[in-house]
Amino acid sequence: MTTEADPGTGRAAARARQIAALRPAYRADLADGTGRFFAPRRADCPWCGSTRLRRRLRTTDLLQHKPGRFVLDECRDCAHIFQNPRLTGPGLEFYYRDFYDGLGEQRLAGMFATRAGVYRRRARSVAPFASAPGTWLDVGTGHGHFCESARELLPDTVFDGLDLSEGVELAEKNGRLAHGFRGTLPELAPELAGRYDVVSMFHYLEHSTDPAHELAAAREALRPGGLLLIEVPDPECRYARLLGRWWLPWLQPQHLNLVPVANLRGRLGELGFTVLLEQHGEPHDPVDLLAACWLLLDAVAPREDAPWLPGTPPGRLRRTLRGTLFLAGAPALLLAALLDRVVARFAGRTGLSNAYRVIARREGGAAQ
């Protein structure tokens, strides 16, 4: 008599082997602490230059639980919120590693692949201003899932993607993108100058070390009359204060800059754009309460194994305790999810939307 192996057990064993293989490199990276991952603390706002700063948030890595503490400062004059001290190049590499790729790739790729409806709504948002764009560049495209879904609505549009990760190259190979560019937009903008009818940045600017530089590069990649479509977390969302460090869009340490909509509109005007649309309700993602509950449960539960955590891998008792805690918290998670759905109906009118969307047209002539 033969029996089939449990696929779940096989995946768990494969993940355990992957973690064990990664552990020596992480321990070497952390041997001298995390100090080299942070730049010197700055005394002025990176958006307006004001020195009138205040601490907005102090937190830890609530998703991966990598070591380190992260501070977000807020400018008292323009309300820009930024990580201070900011991650260095080695810090960005360390904290991004195994989040979107490696250990985290399968989990996040599966999540992105289920958001086809969200992607199609994003693509439809440009229809009143460009019914049939010829060329579209999606910046921060990852594995190209947005472009794949948008092509269903715009079959004649050529979709290119740009990203720092190897996912963009795989997306081109798999046919999700016509062309996949690996690198940063400011570096590649001269090569892409004047090529696109639409440039999109969906939850990308908050990851950038210099959002203003990214906006100028987007202008360079657009043809005169082309559209820039931006969606970012809204730091003025009421949930940001109500939920504190448990508000998911803070997403430390990945989110480096959170730009209030007035600041974005002002900078776009300086660059020679005309803002055609500002939305708050439509881009809202109804997960605030659910995510906060999950992050809180995850913070108090025994840790899952990860190669950057000290100590020995969790045994059966710790795994059982973790599962039991989440099972006990299931009613709270369910209630939070239901409340999120209710709030979504009026989030845009009550300041509870966790994101905003802006569409701006590049006008002719030089930027101011």
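The values are calculated or read from the model by the stated rules, or taken from the named source; none is laboratory data. Model, not experiment: these values are computed from the prediction. In this analysis, Cβ positions are derived from the backbone assuming ideal geometry, glycine residues included, and neighbour counts consider all displayed protein chains. Accessible surface areas use protein heavy atoms only, side chains included; no ligands, DNA or RNA. Shrake-Rupley method; radii C 1.70, N 1.55, O 1.52, S 1.80 Å.
The combined condition, being part of a helix (DSSP H, G or I) and in contact (Cβ under 8 Å) with a residue 12 or more places away in the chain, is not fulfilled by residue 223. Of all residues in the range 52-87, those being in contact with a His (Cβ under 8 Å, 6 or more places away or on another chain) and of a type in the set (S, T, N, Q) number 1.
Only residues that are assigned to a helix (DSSP H, G or I) and surrounded by fewer than 21 Cβ atoms within 10 Å (Cβ to Cβ) were counted in the range 226-239, giving 1. Which residues, counting only those in the range 336-368, are outside any helix (DSSP H, G or I), open to solvent by less than 80 Å² (accessible area, probe 1.4 Å), aliphatic (A, V, I, L, M) and out of contact with any Pro (no Cβ under 6 Å at 6 or more places or on another chain)? Residues satisfying the conditions are 352, 358, 359, 360, 367. There is no residue in the range 282-295 that is open to solvent by 30 Å² or more (accessible area, probe 1.4 Å), more than 28 Å from residue 352 (Cβ to Cβ) and assigned to a loop (DSSP other than H, G, I, E, B). Does any residue of the range 318-335 turn out to be in a helix (DSSP H, G or I) and crowded, with 20+ Cβ neighbours inside 10 Å? Looking for residues that are in a helix (DSSP H, G or I) and crowded, with 20+ Cβ neighbours inside 10 Å, one finds none in the range 318-335, hence no. When 266, 281 are checked against the criterion of being of a type in the set (Gly, Ala, Ser) and under 30 Å from residue 330 (Cβ atoms), 281 stands alone in meeting it.
Once the range 235-281 is narrowed to residues that are within 18 Å of residue 48 (Cα to Cα) and acidic (Asp, Glu), the residue that is nearest to the chain's Cα centre (by Cα) is 236. Can you find even one residue in the range 36-52 that is surrounded by fewer than 18 Cβ atoms within 10 Å (Cβ to Cβ) and assigned to a strand (DSSP E or B)? No: the range 36-52 contains no residue that is surrounded by fewer than 18 Cβ atoms within 10 Å (Cβ to Cβ) and assigned to a strand (DSSP E or B). Scoring residue 58 on the criteria (1) modelled with pLDDT under 95; (2) part of a strand (DSSP E or B); (3) basic (Lys, Arg) leaves a single failure, condition (1). Residue under question is residue 185, and the condition is that it be touching a residue at least 12 places away in the same chain (Cβ under 8 Å), out of contact with any Ser or Thr (no Cβ under 6 Å at 6 or more places or on another chain) and buried (at least 24 other Cβ atoms within 10 Å of the Cβ); does it hold? Yes: the conditions hold for residue 185.
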